[in-house]
1. I'd like to check which helices (runs of 4 or more DSSP H) are fully inside the stretch 313-397 and have at least 2 residues that are over 31 Å from the mean Cα position of the chain (by Cα) and under 30 Å from residue 201 (Cβ atoms).
2. Please list, ordered by first then second residue, the pairs with beta carbon atoms under 7 Å, 6 or more apart or interchain, first in the stretch 75-88 and without any contact (Cβ under 8 Å) to a residue 40 or more places away in the chain and assigned by TED's automatic domain parsing to the domain that holds residue 103, second in a loop (DSSP other than H, G, I, E, B) and crowded, with 17+ Cβ neighbours inside 10 Å.
3. Considering each of 189, 170 in turn, give the residue that is more than 30 Å from residue 370 (Cβ to Cβ) and in contact (Cβ under 8 Å) with a residue 24 or more places away in the chain.
4. Quickly run through the stretch 210-266 and pick out the residues that are surrounded by 15 or more Cβ atoms within 10 Å (Cβ to Cβ) and within 30 Å of residue 180 (Cα to Cα).
5. Which residues, counting only those in the stretch 273-311, are within 27 Å of the chain's Cα centre (by Cα) and not in a helix (DSSP H, G or I)?
C-alpha cells in the first residue's frame, strides 16, 4: 500500500514532461556523429556545451530519490528520468549514465564523468549514500540543498535586474541622443542664426561628446573590447584572481552581501556532507574545491591543514572574523562539542539564508533612490543642454 502511494506521487510529479526529440537518444563514447552534416554537427556541439540548470538537477535528484524509495531499481529510474527531462543535454548525460550502470559502474562513478554538471559536493553525497545503503535519503537532502542554491541564485539575479536595466536604458537613451538628436538639433539651431560661441557650456560638452561618438565609435569599441579582454586575462591569473576577490569582498554594501553568500555556501555544503557520513577532512576538501571565492577556498585549505594537526574547525576559523563572523564560529564550536556539526551547520545555513533575504531587501531600498537621483540628474543635464539654446534662439527671433 505504501509503495502504491509513492508510485502515485511519482506519476503526478512526472506528468507533463514528455519529449520525443531524437537528438536526446545519444550515449557519449558510443555515439559517432562523423556521418552527420555540418548543421547537425553544429547542433550537437551547441547541445553538448549547453548548461544544466540547478532547478533541473534538483528536480532530477528529488525524482530519483522518490523512485528509489518506491523500490524502483536505479537503472530503471535513470532510464525513465532520461526520457522525461526537458533538457536535451541532460537527457544525453542520463542516457550515458544509464549505459554505464548496465556495464556495472556505480552511480557516483558514472556521474563523475560529467564534472561540468555534477560537482564534488553532489558526488560526495551520492558516494556516501551508496556506501551507507541510504541513497534515497541522501538524494532527498541533496535535492533540497540544490533547490536552496537555485532559489538564492534567482534572488541575486532578480535583485540585480533593476539597477542594470535602468543603467542600460540610460546608456541607450544617451547614445541615441548623441548620435541622432544632437546633430540634427545643432544643424537646426545654426540655420536659425545661432553661432557656435553662443551655445551654453552644457550644450558644447554634449556637442563634443556627440562628435566623438559619431566620428570615433570604432575607437570606443576597440578600447572597450581591449579593456574587457585585458581585465579577463588579469582576472584569470593567480595574482588577479586573488586581488579581484579581495576587492569584491571589501566593496561597501555589496561586499557584505557576498560574504554572507559565501558563508552560507560554506556552512550548508559542510553540513550536508557531514550529515551524509563523510569524514570531516574529506568534507572540508570538497567544500574547498566547490568554493568559487579565492579567499574562502584558501581559508578552507588552511582549515584542513590545521584540523589535520588536531585543531577544531571553529578554532581554525576564529582568526578570520572578516570572512567568518563570530556567530558562525561559536555555533560551530557548540556543534563540535556536542558531536552535531552537521545539524548545527544546517541551522546556521537557515539563519544566513534569512540574513541574505534581509540584505537584499535593504540593498533594493538603497538602490531605488540612487537610481531615481541618477535618472533625474541625467534627464536634467540633457534637458538643459537641449532646451537652453532653443530658448536663446527664440529670444533672438
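The values are calculated or read from the model by the stated rules, or taken from the named source; none is laboratory data. What you are looking at is a predicted structure, and each value in this text was computed from that prediction instead of being measured. Neighbour counts run over all protein chains shown; Cβ positions are idealised from the backbone, glycine included.
1. Hits in the stretch 313-397: 341-396.
2. Within 7 Å, the pairs are 87/52.
3. 189
4. Of everything in the stretch 210-266, those that are surrounded by 15 or more Cβ atoms within 10 Å (Cβ to Cβ) and within 30 Å of residue 180 (Cα to Cα) turn out to be 210, 213.
5. Scanning the stretch 273-311 gives 276, 278, 291, 292, 293.
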